[in-house]
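The values are calculated or read from the model by the stated rules, or taken from the named source; none is laboratory data. What you are looking at is a predicted structure, and each value in this text was computed from that prediction instead of being measured. Don't worry about glycine lacking a Cβ; one is built from the backbone with ideal geometry, like all the others, and counts go over all protein chains shown. To get the accessible areas, we keep the full protein, side chains included, count just its heavy atoms, and leave off ligands, DNA and RNA. Shrake-Rupley method; radii C 1.70, N 1.55, O 1.52, S 1.80 Å.
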Amino acid sequence: MGNRLSKISTKTGDKGETGLGDGSRISKTSTRIHVIGEVDEVNSWVGVLAAELDSDDHHQMILSQIQHDLFDLGGELCVPGYKALAPSMLEELENTLVNINEALPPLKDFILPGGSKAASYCHMVRTVSRRAERSIVALANEEAEAGNEINPLAVQYLNRLSDFFFVLARDIARKNDGQEILWKSRHTKSKKDA
């Protein structure tokens, strides 16, 4: 493969348009470009989380694979009609989620984002994944109206990814005798008040 990024500042986007992988140009305000940016943001937050963990942390390999999967998703979005995500990618993510969750105690209360810096970063990835998911659903609806299709695995992957990072946040928050921060509503009556 040749050097595809030999010139970074091309100035071709100075008029508010950008190029897709198929050579077409679209507005930078389009839903497709919005989703591509949101997926890129998810990937960047995964990188921040990975940088916070020890290099030998067993989660590093999982996070690295997720970053590669997100690049594949970005490739799908950049080339309309192209499919890079495979059912095995979703299955692998789901299996990892289940394995981590099985080791955690049942969740009886809502938890607040936090518990540790790394757990907080997990919650950032979770929330930006949810936003990207909402945006890709909007794009899928637009494309369906035009007679095109967004790979259903793209929506499923982002949905599962936010679930994964919720579970990972719980796991990381509890490491080294850490604690999850439970939500305590000001409006919840104590047992003695009931």
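Assorted remarks:
- Heavy atoms of ASP56: accessible area, 1.4 Å probe, square angstrom to 10: 130 Å²
- The chain, accessible surface, carbon-and-sulfur percent (1.4 angstrom probe): 51 percent
- Eligible aspartates and glutamates near LYS175 by straight Cα distance, threshold 18 Å, same-chain separation 8 or greater: GLU52, ASP54, ASP56, ASP57, GLU102
- Along its first, second and third principal axes, ordered by size, the range 135-179 spans 53, 14, 7 Å in Cα coordinates.
- For the chain, modelled as a GNM whose springs connect Cα atoms under 10 angstrom apart, the maximal fluctuation among PRO80, PRO106, PRO152 occurs at PRO106.
- Of the residues GLY16, GLY115, GLY81, the one that moves most in a GNM of the chain with alpha-carbon contacts below 10 Å is GLY16.
- Rounded to the nearest 10 square angstrom, HIS58 shows an accessible area of 120 square angstrom against a 1.4 Å probe.
- Using alpha-carbon coordinates, inclination of helix 87-102 to the longest axis of the chain, degrees: 10 degrees
- Coordinate range along principal axes, alpha carbons of the range 25-174, Å, largest first: 47, 28, 25
- Relative contact order (%) - the range 25-174, alpha-carbon pairs under 8 angstrom, separation at least six: 33 percent
- Cut-off under 5 Å, modelled amide H: who pairs with ILE181 long-range: LEU112
- GluC sites (Glu not before Pro) restricted to the range 83-172 and DSSP loop, no more than 14 other C-beta within 10 Å: GLU149
- Per residue solvent-accessible surface (Å²) - the range 75-186, probe of 1.4 Å: 55 Å²
- Neighbour count of at most 11 Cβ within 10 Å plus DSSP loop: longest trypsin sites (Lys or Arg not before Pro)-free window in the chain: 16-107
- Among the chymotrypsin sites (Phe, Trp or Tyr not before Pro) within the range 102-194, those in coil by DSSP and having at most 11 neighbouring Cβ atoms inside 10 Å are PHE110, TRP183.
- Top of ASN151, ASN99, ASN43 by mean-square fluctuation, Gaussian network on the chain, Cα under 10 Å: ASN99
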